[in-house]
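Here is the structure we will look at, set down as structure tokens.
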Amino acid sequence: MSKKILKDAPQRKTYKVEDFGEVIATDKNGKPFIAYKNVEKKESNSHLTVDAVALMEQEWPEMTKEFKRLQREQYVLFCRKQHDYGPGNISVGTPLQTQEDVKLSLTGLWFRINDKIQRVKTLLMGNKEAAINNEPIEDAFLDMSNYGIMATIVKNGKWGK
């Protein structure tokens, strides 16, 4: 029975494909497990791909669950804030139809992200606790992430649509 090493696998692990199509992976302790059953071939070559989501969720279930929880929390916050503000706060009152409109919006988002970066820098570098009790540093991390997603939506031409 021949085995192929997957080209896209992380360097610290060995992923092999058995002839019957199951991906065998090793966890962080070297213990083999079946990670994914429907292995797909890339159209451009004969190397197999691995479902990284399935592998990550199997090896690091707490971390991936927390990531998804935070994403959901961010999405809910985004929806609540946009319900209150409307899309005009990000489009700066423009229709986002010209390059200049988009640049203005992205510049505004850059300022918001920079404000959060400066807050994190001040708290971390100064070994300070947040002065505002209901605004932990984690809020700034999540805000930066949301602003990055919003900038991408603006750049993709989907804001306010």
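A short reminder: the numbers here are calculations on the coordinates, not readings from a lab. Keep in mind that this is a model prediction, so the values were computed, not measured. FYI the Cβ positions are ideal-geometry reconstructions off the backbone, even for glycines, and counts take in every protein chain you see.
Need one number: nm distance between label points at Thr98 and Asp139, each 7 Å from Cα along Cα→Cβ, rounded to one decimal.
3.8
Label Trp60 and Val120 with points 7 Å out from Cα along Cα→Cβ: what is the distance between them in nm?
My value for the distance between the label points is 1.7 nm.
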